[in-house]
Every structure is written in C-alpha cells, then in structure tokens.
1. Given the conditions (1) surrounded by 13 or more Cβ atoms within 10 Å (Cβ to Cβ); (2) out of contact with any Gly (no Cβ under 8 Å at 6 or more places or on another chain), which single one is not true for Gln169?
2. Select, from Ser186, Ser122, the only residue that is in contact (Cβ under 8 Å) with a residue 24 or more places away in the chain and either surrounded by fewer than 17 Cβ atoms within 10 Å (Cβ to Cβ) or not assigned by TED's automatic domain parsing to the domain that holds Ser271 (or both).
3. For region 197-206, state whether one or more residues are exposed (fewer than 13 other Cβ atoms within 10 Å of the Cβ), without any contact (Cβ under 8 Å) to a residue 40 or more places away in the chain and not β-branched (Val, Ile, Thr).
4. Quick check on my filter: what residues within region 161-215 are assigned to a strand (DSSP E or B), farther than 15 Å from Phe134 by Cα and not hydrophobic (A, V, I, L, M, F, W, C)?
5. Out of Ala260, Ala250, Ala219, Ala243, report the one residue that is crowded, with 20+ Cβ neighbours inside 10 Å and not in a loop (DSSP other than H, G, I, E, B).
6. What's the total number of residues in region 163-175 that are hydroxyl-bearing (Ser, Thr, Tyr) and modelled with pLDDT of 95 or more?
Amino acid sequence: MNEDRVNDREPGALPGPGDSAQAAANAGPQPTVVDANGPCTAGPSTAGPSAANARRKLGQSFTTRAVGIAGVAALVVVGSIVGSAVLSSAGSSPRSANIRTVLTASHDASATSPATITVTGSGEVEGTPDTATFDIGVSTTAHTAVEALEENNAQVATLEQSLEQSGVQLKDMQTSYLNLSANTNSRGKVRSFSADDELTVTMNDLSNLGQALDAAVTATGNGVTLDGISFSISNKSALLAAARAQAMQAANTEATQVAAGGGLTLGPIVSITDQENAGQYVYYNVNAAVPVATGTAVPVQPGQQQISVQVTVVYQLVASS
C-alpha cells in the first residue's frame with residue numbers, strides 16, 4: 001500500500017503546518033508521560049486530543065520548575081558576588097565612616113575628662129600613755145608534780161591579792177601561760193618538777209604602777225617572773241582627730257601649690273583614703289627572775305606615744321578664672 005495513502009494525503013504532497021499527524025511522526029519516539037491515575041507508558045500516545053493537552057501542560061509544569069530552580073541559583077550567585085563586593089569596599093563605605101566617627105568621639109570624650117591631682121598628707125601628735133600592760137608570774141620547783149603545782153597555786157593566789165591591793169581589778173588579770181613539766185638529768189632520769197603560771201595584767205592608774213610591781217615581787221618571793229611592760233593610750237579619739245586635721249591641711253596645701261604652678265585651681269575632692277598608725281608601744285624589759293625588792297618602788301617611766309594619720313586625697317583641677 002502507498003505510504004502517502006496511509007497518512008491520508010495525496011502522493012508527493014508535503015505536510016502542511018497544521019498536519020498534526022505528520023508532526024507527531026517526525027518527532028520520533030515520544031517522552032514518557034506521567035499519569036497520576038496510572039502507570040507511566042512510553043512511545044506514541046493514542047489517547048486523543050485530551051491526552052495531548054495533558055502532556056503539554058505537564059511539560060510546561062516541568063519547564064516552569066526548571067526555570068524556577070535556575071532562577072534561585074542565579075540569585076544566590078549574584079547575591080554572593082554583590083556581598084563580596086560590598087565587604088571589599090567596606091573601608092570606604094558610609095557605614096564604615098560612621099563607625100570611625102563614633103570611635104573618635106568616644107576617644108575625644110575620655111580625653112576631655114576633668115584633670116585630677118593626687119597628694120598625700122601626714123599629721124602627727126603625741127600623747128601620754130595612761131595604761132600599762134605587763135606579764136607577771138610565778139615559777140616553782142618541787143620533788144613531785146603535785147608539790148610543785150600546789151606551791152605554785154599558793155604563790156599565784158598571793159600575787160593576785162597583792163595586785164588587788166594595788167588597785168588592779170580581777171577582770172584586768174588574765175592567765176596567759178600555765179605549764180607543768182619534769183626536769184631530768186643527762187641520763188633522762190626525772191629529778192624534779194616545775195610549775196609555771198603567768199598573768200597578763202592591765203593597770204589604768206600609772207601613778208601607782210611602780211609600787212604595785214614592788215609589792216607583787218615582795219609578796220611572791222624569788223620565784224616571781226616579770227617578762228616586760230608596755231604602755232598605751234586608752235582613748236585616742238581626740239588625738240586622732242587632731243592628727244587627721246593636720247594631715248588634711250597638709251594635703252590641701254601641697255595640692256594648692258602644685259595646681260597653682262600649672263595655672264589651675266583646686267576643684268571638688270574626688271576621694272580620700274585614711275590610714276591610722278598608733279605608733280610603737282614603749283617596752284620596759286625586766287630580767288626573767290626578779291630578786292626580792294628592797295622596799296622601794298620600781299622606777300617606771302611611761303614616756304610619750306606618737307599617733308600619726310596619713311591621708312591620700314584626689315582633687316579635681318579647674319582652670320583659673
């Protein structure tokens with residue numbers, strides 16, 4: 001059979017632009033058609049115009065999706081290029097200029113802070129001590145530990161009575177050392193025992209201090225021990241106030257002189273740091289073992305005690321008017 005007849009056209013006639021049958025024949029094998037209601041089939045479709053329309057719509061859908069993905073990829077690439085260009089030129093951008101302006105302004109603000117000056121002033125006064133503290137005790141030795149302790153207890157009781165008679169109250173006596181030990185020879189054999197009891201005594205009446213010490217030694221005997229004595233001022237408030245006033249005046253004078261040398265005057269005080277120093281105690285040392293007194297008062301001189309105050313003051317400086 002003639003092929004042209006099979007295709008319903010005259011022999012030798014070329015297919016027209018609207019000849020869909022010829023276009024389908026020339027297109028070759030058709031792509032796979034995706035059907036939501038059935039399996040995929042390959043090759044030419046015989047479903048008629050409706051199937052062809054469905055294929056066209058599906059192809060358009062695929063094309064639209066491909067274009068959309070390609071567009072997103074293109075936007076990402078373009079955005080990366082633009083972002084790199086912006087970062088590379090950030091040094092000359094207006095935003096960068098604003099950051100530099102803020103940093104410069106902050107630096108200028110700290111540079112214009114009020115100037116200050118820090119000075120140290122000292123004040124020192126002297127006072128006469130009115131309180132004495134000393135350590136006095138008794139040391140006894142006996143063949144047995146019991147005998148040594150009993151003898152020591154008796155002598156300490158006598159010592160306390162003597163101190164009370166000299167005006168020392170019991171609340172101003174405190175046991176500061178108590179010891180009972182064995183005495184051995186070179187071979188380690190115990191030969192005797194020693195008991196030591198020591199009191200820390202505070203006296204507020206220095207006019208009777210020498211006589212009190214003499215009476216205590218006389219009452220106790222050769223076993224008495226006196227380690228030392230120190231003096232202090234019981235109430236230093238007035239002396240500290242006077243020393244502090246001197247220190248502040250000294251600091252103000254120094255700061256005023258330095259500021260005037262720079263053509264400035266003192267402004268308000270920024271801070272004050274205060275340090276107190278009560279001075280060193282005066283010690284009167286006595287031998288560890290004191291012989292029996294001869295009846296005269298022990299010569300004791302309290303002397304003078306220094307109290308000092310040191311202040312560190314920070315002033316603001318202002319321009320002279």
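The values are calculated or read from the model by the stated rules, or taken from the named source; none is laboratory data. Keep in mind it's a predicted model, so treat the numbers as computed, not measured. Every residue, glycine as well, gets a Cβ built from its backbone with ideal geometry; the counts of neighbours run over all protein chains shown.
1. (1)
2. Numbers: Ser186 fails: in contact (Cβ under 8 Å) with a residue 24 or more places away in the chain.
Criteria check complete, one pass: Ser122.
3. Checking region 197-206: not a single residue is exposed (fewer than 13 other Cβ atoms within 10 Å of the Cβ), without any contact (Cβ under 8 Å) to a residue 40 or more places away in the chain and not β-branched (Val, Ile, Thr).
4. We begin by selecting, within region 161-215, every residue assigned to a strand (DSSP E or B); these are 173-184, 190-203.
Add one more test, that the residue is farther than 15 Å from Phe134 by Cα, and what stays is 178-184, 190-196.
Hits for region 161-215 are Asn179, Ser181, Asn183, Thr184, Arg191, Ser192, Ser194, Asp196.
5. On the way: Ala260 fails: crowded, with 20+ Cβ neighbours inside 10 Å; Ala250 fails: crowded, with 20+ Cβ neighbours inside 10 Å; Ala219 fails: crowded, with 20+ Cβ neighbours inside 10 Å.
Residue meeting the stated conditions: Ala243.
6. Step one: filter region 163-175 for residues hydroxyl-bearing (Ser, Thr, Tyr), giving 166, 175.
Next, only the ones that are modelled with pLDDT of 95 or more stay: 175.
Going through region 163-175 one residue at a time, the tally reaches 1.
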